[in-house]
1. Test of understanding: among Ser169, Ser155, Ser145, Ser130, which residue is under 19 Å from Val75 (Cα atoms), over 13 Å from the mean Cα position of the chain (by Cα) and either surrounded by 14 or more Cβ atoms within 10 Å (Cβ to Cβ) or not assigned by TED's automatic domain parsing to the domain that holds Leu40 (or both)?
2. List the number of the failed condition for Gln58; all other conditions in (1) within 16 Å of Leu156 (Cβ to Cβ); (2) outside any loop (DSSP other than H, G, I, E, B) hold.
3. Does any residue of region 72-90 turn out to be more than 22 Å from Gln31 (Cβ to Cβ), not assigned by TED's automatic domain parsing to the domain that holds Arg44 and not charged (D, E, K, R)?
4. How about region 61-71: which of its residues are of a type in the set (Gly, Ala, Ser), closer than 16 Å to His25 by Cβ and in a helix (DSSP H, G or I)?
Amino acid sequence: DPGMPLLNLIDEYDRIHEWKIPFRHMVTIVQIAHDFDGVLDVLRRSGYDVSDLDAIGQRSLNARNWLSKFAPPSVKFKVQETLPVGVKKLSQKQKLALGILADEIGRKKTAEELHDEIYKIAEEVGIDPSDVFKAVYVALLGKSSGPRAGWFLVSLEGNFLRKRLREASKA
């Protein structure tokens, strides 16, 4: 995909110039939020300082432009408003993992903690971590892959996330 090298280049630029909000995360945020206020809400949930509104506005505009002009389909997603039908095809262990993860939402604060929790849950349930990640994406996006899980999960509103994961665990 021709758009991915550009995203990787921006990641490298971010590491050198130490942007407060990684571009890759902003790409996720603008696909979750419906407007600029939504972007600010997601950033707050993710633990970012939102005082520089101009910089955030420009960064979110750049992310939206990259998505519309260069992003490969594998990077694009939409959080489904209703439970995707694909959850019915998840294994019992995947559904169990989603139920356990739902209970952890709100207890784990950071993206890294949530990401690590997925690995712990996979071990507890006795399945490969990739199967838990897939279940998360199917429950939320209706497809088997998505953005970096920890950052994605902390970006979503907690009540919505808990409800959706519980609903998927019982499907």
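1. On the way: Ser169 fails: under 19 Å from Val75 (Cα atoms); Ser155 fails: over 13 Å from the mean Cα position of the chain (by Cα); Ser145 fails: over 13 Å from the mean Cα position of the chain (by Cα).
It is Ser130.
2. Of everything listed in (1) within 16 Å of Leu156 (Cβ to Cβ); (2) outside any loop (DSSP other than H, G, I, E, B), Gln58 misses just condition (1).
3. Yes, there is a match, as at least one residue in region 72-90 is more than 22 Å from Gln31 (Cβ to Cβ), not assigned by TED's automatic domain parsing to the domain that holds Arg44 and not charged (D, E, K, R).
4. Keep residues of region 61-71 that are of a type in the set (Gly, Ala, Ser), which gives 63, 68, 71.
Remaining after also requiring closer than 16 Å to His25 by Cβ: 63, 71.
Listed by number, the list holds a single entry, Ala63.
The values are calculated or read from the model by the stated rules, or taken from the named source; none is laboratory data. As the structure is a prediction and not an experimental result, all values here were calculated from the model. Glycine gets a Cβ as well: all are built from the backbone with ideal geometry, and neighbour counts include every protein chain shown.
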